[in-house]
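These notes are about the structure you will find just below.
The values are calculated or read from the model by the stated rules, or taken from the named source; none is laboratory data. This is a predicted model, so every value here is computed, not measured. Positions of Cβ are backbone-derived with ideal geometry, glycine not excepted, and every protein chain shown enters the neighbour counts. All accessible areas refer to the heavy atoms of the entire protein, side chains included, with ligands and DNA or RNA removed. Shrake-Rupley method; radii C 1.70, N 1.55, O 1.52, S 1.80 Å.
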Amino acid sequence: LRAGASFLSGLDSATNEAGEPLRRYLAEVRGRIALGDDPPIVLEDLARVVPLETFRLFTLTLAVHWDAGGSLASSLSLVARTLRDRIELDRRVRSQGVEAQLSAVWVLAVTYLVAFMAFRMNPEPMRAFLDSFVGSYLVAAAVVLQAIGLLWMSRLSRVRL
């Protein structure tokens, strides 16, 4: 498009370069437009067939350009930059969520490791603590609170984009 090619020749090039399953959809769009279907309706149908938010943005840009005109190459480059930024943001959010979950797992692992080491070093006082009424309830409460904390952390670190 930047070299001066028309929208339809650009669509032909994109169809030839794209892999499956996108190639099939682009070929259908090209064929329907060549047969005289209204391009904004064809693009709207394409957005309905491929239910991705990013694909909707792409087809909406093409439909608006078809109606309003202007520089399609610059519009598509802005869409491409927006999509790349969204993908990068999604990767960052997911990696931070994994870091938070891994931190929670390590805190739990250290807690149980310290408890195991304390039991191995001084088994009699630990056994007396665990056999007592208060000790057994404190251990049970700690396990329940850790489970609640894990559920809370997993809910907080769930990715919603």
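Given a Förster distance of 35 Å, report the FRET efficiency between residue 107 and residue 84 from their Cβ-Cβ distance, rounded to the nearest 0.05. Numbers along the way, then the final one.
On the way: r = 35 Å, r/R0 = 1.01.
It comes out at approximately 0.50.
Return the inverse of the average 1/r over all pairs of distinct C-alpha atoms in the chain, which is the Kirkwood hydrodynamic radius, in Å to one decimal. Walk me through the numbers on the way to the answer.
Working: mean 1/r = 0.0478 Å⁻¹.
With all distinct Cα pairs of the chain included, I get 20.9 Å.
Starting from 0.36 nm per residue, how many nanometres of slack lie between residue 100 and residue 30 once their C-alpha separation is accounted for? Can you show the working numbers first?
Working: separation 70, 0.36 × 70 = 25.20 nm, distance 4.63 nm.
Working it through step by step, the gained length comes to 20.6 nm.
Quick one: if the Förster radius is 41 Å, what FRET efficiency do residue 121 and residue 155 give, using the C-beta to C-beta distance and rounding to 0.05? Kindly include the intermediate steps, with their values, before the conclusion.
Numbers: r = 37 Å, r/R0 = 0.90.
Once the sixth-power term is evaluated, E becomes 0.65.
Return the Rg/Rh value of the stretch 1-64, two decimal places, where both radii are evaluated on C-alpha atoms and Rh is the Kirkwood radius.
Values: Rg = 11.2 Å, Rh = 12.0 Å.
Ratio value, two decimals: 0.94.
So which helices of the chain fit the span-like rule, where a helix is a whole DSSP H run, its Cα atoms reach 30 Å or more along the axis, and its mean Kyte-Doolittle is at least 1.0?
On the way: long enough: 72-121 (72 Å, 0.52); 133-156 (34 Å, 1.65).
Once both thresholds are applied, what remains is 133-156.
Tell me the carbon and sulfur percent of the accessible area for the stretch 2-161, rounded to whole percent, probe radius 1.4 Å.
Using a 1.4 Å probe with all protein chains present, the stretch 2-161 comes out at 64 percent carbon and sulfur.
Using the heavy atoms of the protein chains alone and a 1.4 angstrom probe, what is the accessible area of the chain per residue in square angstrom? Spell out each step's value before the answer.
Values: 11720 Å² over 161 residues.
Accessible area per residue: 73 Å².
Can I get the semi-axes of the stretch 78-160's equivalent ellipsoid? Compute them from the C-alpha gyration tensor as square roots of 5 times the eigenvalues, in angstrom, largest first.
Values: eigenvalues 372, 36, 3 Å².
Whole-Å semi-axes of the equivalent ellipsoid: 43, 13, 4.
Have a look at 122, 141, 108 and report the one farthest towards the positive end of the charge dipole of the stretch 74-161, computed about the Cα centre with Cβ charges (Lys/Arg +1, Asp/Glu -1).
Checked the options; the winner is 108.
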